[in-house]
Structures are given as C-alpha cells and as structure tokens.
Amino acid sequence: MASFWSYLAVFGLAAVPIIEVKGAIPLGLSLGIPQLQCFIVAIIGAMLFTPFIILLTRRVLTWCMNSRINILRRFGHWQHERLLRKGGKIEKYREWFLFIFVAIPLPTTGCWTGSMIAGLFEIPLKKALPIIFLGNVVASALVWLIWGFATSV
C-alpha cells in the first residue's frame with residue numbers, strides 16, 4: 001500500500017511545470033499507487049495553478065509592456081507582436097488548438113503552457129478551464145497507456 005508521502009510526491013510533481021502528469025503518473029505507478037488513484041491525484045496536481053496562470057498571464061504581459069525597465073518593456077512588446085503575428089492563424093480554432101496542445105504529452109505542453117496560451121488569447125476562465133481539464137485527462141490517459149505498455153514489454 002502506498003503511503004501518504006507517495007501521494008503527495010505525485011501531487012507535487014504533477015504541479016511542476018514541464019513535468020506535470022508526464023512524470024507524476026510513472027512515479028505514482030512505480031511507487032505502488034493504484035492506477036485510478038494515481039490518475040486522479042496527478043490530474044488534480046497538474047490543474048492546481050491553472051486558474052491563476054490564466055488570470056495573470058495577460059496582466060503580466062501588460063505590466064511588462066508598460067515597465068520602466070527597458071528589457072522588460074522590450075520583452076513585453078516582442079511577445080505581444082509575436083502573439084499578434086502567430087495568433088491570427090489559430091484565432092478561429094483557438095479552443096481546439098488549446099485542447100490538442102494540452103492533450104499531447106510532450107515536454108513544454110500541458111496545463112502550465114496551455115494556461116498561458118489561454119491567458120494570452122484571452123479565452124475566458126469559464127471556457128478555458130474545462131478545455132484544459134479535458135486536455136489534461138487525455139494527456140494523462142496517454143501517459144498511463146504508454147507507461148503500461150512500456151512496463152509490460
């Protein structure tokens with residue numbers, strides 16, 4: 001039987017950017033946490049900071065653009081221009097893009113980056129949270145399947 005610390009490790013690792021469920025699920029399964037419980041704990045951990053990131057991303061970008069510090073101001077304007085340039089291509093399908101982006105279990109994809117994308121594209125929290133949650137569930141299922149296949153071979 002897995003200990004409280006095992007569950008806490010999975011939850012904490014899932015909340016870490018870039019690692020998220022891609023590292024938390026294999027850790028939990030290797031620590032002996034039952035599959036469904038590991039799946040649920042990892043999903044909740046990965047979603048922990050999502051609402052805050054969605055709400056703060058645009059504000060931080062605006063703050064950078066209005067900063068008196070030259071490097072922050074330049075970064076803010078560079079990021080804003082980049083968003084305008086690349087964002088037009090996916091504006092029509094931004095929700096589908098967000099879902100697919102979060103659902104692909106690769107480094108730099110997941111809840112953290114998906115939340116930043118939702119914030120930058122000003123997708124409302126009520127709309128972005130369910131999309132990111134479903135993408136996270138799909139990514140978790142893919143990691144679980146890949147891990148199960150890799151350990152059975």
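The values are calculated or read from the model by the stated rules, or taken from the named source; none is laboratory data. On a predicted model such as this, the values are computed, not experimentally measured, just so you know. Methodologically, a virtual Cβ is constructed for each residue, glycine included, from the backbone with ideal geometry; neighbour enumeration extends over all protein chains shown.
Could you check Thr151 against (1) farther than 17 Å from Val21 by Cβ; (2) exposed (fewer than 15 other Cβ atoms within 10 Å of the Cβ) and say which number it fails? Answer for Thr151: the failing condition is (1). In segment 122-136, the residues that are over 15 Å from Ile53 (Cα atoms) reach residues that are polar (S, T, N, Q) with C-beta atoms within less than 9 angstrom, at least six apart or across chains, in these pairs: Gly135/Thr109; Asn136/Thr50. Among the conditions (1) loosely packed, with under 13 Cβ neighbours inside 10 Å; (2) outside any helix (DSSP H, G or I); (3) under 16 Å from the mean Cα position of the chain (by Cα); (4) at negative phi, the only one that Ile123 does not satisfy is (1). Would you confirm whether any residue within segment 43-58 is small (Gly, Ala, Ser), closer than 23 Å to Thr151 by Cα and at pLDDT 95 or above? Looking through segment 43-58, none of the residues is small (Gly, Ala, Ser), closer than 23 Å to Thr151 by Cα and at pLDDT 95 or above. Scanning segment 46-59 turns up one or more residues that are under 22 Å from the mean Cα position of the chain (by Cα) and among the small types (Gly, Ala, Ser). Flag: Ile100 matches the condition of being in a helix (DSSP H, G or I) and either surrounded by 14 or more Cβ atoms within 10 Å (Cβ to Cβ) or touching a helix residue (DSSP H, G or I) at 6+ places or on another chain (Cβ under 7 Å) (or both).
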